[in-house]
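What follows is a set of notes on a single structure, which appears directly below.
The values are calculated or read from the model by the stated rules, or taken from the named source; none is laboratory data. All values reported here derive from a predicted model rather than from experimental measurement. As a convention, Cβ positions derive from the backbone with ideal geometry for all residues, glycine included, and neighbour counts pool all protein chains shown. In case anyone asks, the SASA skips ligands and DNA or RNA and just uses the protein heavy atoms, side chains included. Shrake-Rupley method; radii C 1.70, N 1.55, O 1.52, S 1.80 Å.
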Amino acid sequence: EAGVAQSPRYKIIEKRQSVAFWCNPISGHATLYWYQQILGQGPKLLIQFQNNGVVDDSQLPKDRFSAERLKGVDSTLKIQPAKLEDSAVYLCASSLRASGALSYNEQFFGPGTRLTVL
Amino acid sequence: RKEVEQDPGPFNVPEGATVAFNCTYSNSASQSFFWYRQDCRKEPKLLMSVYSSGNEDGRFTAQLNRASQYISLLIRDSKLSDSATYLCVVSPTSGTYKYIFGTGTRLKVLA
């Protein structure tokens, strides 16, 4: 079974530029998550989708970050304009769903996109 | 106070040693608990879920203490391949399984 796919794997941009990341979850997974992981810290949830609807975006800096999952499958996360403090690894994860039995809720992570903002 | 706290380490232990990590959480209503493992420059992967009664998977044992609001991970007979960062995960609400990660505890097993 294919895992969570993300691209690009690495991105270097200058501050104030824009950048977009792409994620394709495991087939059949209804729930998709975007996390930001700054060096030395644990992942921090940015946004959670259930199919194509947003479940939680309380920690998404909406003045510069946006995300969509239009068809309920793959998703893009955009930063516009980027700041130095956005340098981090952006992880996408998916789960069968985010309710019910514990076994349905294991989150599987993609390899991440490492963003460097200069 | 952080929602989930872990000692970042590093814990340097010799092969064959037993090592234990604790993780404390602030929300007493938290419902689900996990340990994830993250290798350097890799994505986190589920190591084990933590059940109220405690659970064991080979050399790994996880415990939950709701009264004191902490979970623990015990690794027996440490292997070089156990070297990684161990992330504590707490899901504070029922129904949505939002994950809150600790900062991780770094383990290095020495030959």
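Tabulated data for the structure shown
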| read-out | value |
| --- | --- |
| B:Lys98, A:Lys44, reordered so the largest accessible area comes first (probe 1.4 Å) | A:Lys44, B:Lys98 |
| Accessible area of region B:1-85 divided out per residue, in Å², using a probe of 1.4 angstrom | 53 Å² |
| Surrounding net charge for A:Gly42, when Lys and Arg each add one and Asp and Glu each subtract one, Cβ distance under 11 Å | 0 |
| Relative contact order computed over chain B (Cα-Cα under 8 Å; 6+ residues apart), in percent | 37 percent |
| About the Cα centre, charge dipole magnitude for the protein assembly as shown (Lys/Arg +1, Asp/Glu -1 at Cβ), debye | 480 debye |
| Free-standing Cys residues across chain B, given no other cysteine C-beta under 4.7 angstrom | B:Cys40 |
| Rg and Dmax [Cα atoms of region B:29-73; Å; Rg one decimal, Dmax integer] | 11.5, 35 |
| Kirkwood Rh, angstrom, the protein assembly as shown [1 / mean 1/r, Cα pairs] | 18.2 Å |
| Semi-axes of the equivalent ellipsoid for region B:45-111, Cα gyration tensor, largest first, Å | 23, 14, 10 |
| Sum of side-chain charges, B:Cys23 neighbourhood, beta-carbon under 9 Å (Lys, Arg +1; Asp, Glu -1) | -2 |
| Distant-in-sequence amide H partners of B:Leu107 (H built 1.01 Å from N, under 5 Å) | B:Phe11, B:Ala84, B:Thr85, B:Tyr86 |
| Global geometry of region A:6-46, whether rounded, prolate or oblate, following the gyration tensor of its Cα atoms and the 1.5 cut on a/c | oblate |
| Cα-based radius of gyration of region A:11-118 once divided by 2.2 N^0.38 Å, which approximates compact folds | 1.04 |
| Residue-averaged beta-carbon neighbours from other chains (10 angstrom radius) around A:84-97 | 1 |
| Average other protein chain Cβ within 10 Å of Cβ, residues B:38-50 | 4 |
| Global size of region B:1-99 as Cα Rg and Dmax, reported in angstrom | 13.4, 41 |
| For region A:27-46, residues shielded by at least 50 square angstrom of accessible area compared with the chain on its own, probe 1.4 Å | A:Pro43 |
| Summed residue charge, Cβ within 10 Å of B:Phe11's Cβ, Lys/Arg positive, Asp/Glu negative | +1 |
| With DNA, RNA and ligands ignored, accessible area of B:Glu56 (1.4 Å probe; Å², nearest 10) | 130 Å² |
| Accessible-area composition of the protein assembly as shown, carbon plus sulfur, in percent [1.4 Å probe] | 49 percent |
| For the pair A and B, total buried accessible area rounded to nearest 100 Å², probe 1.4 Å | 1700 Å² |
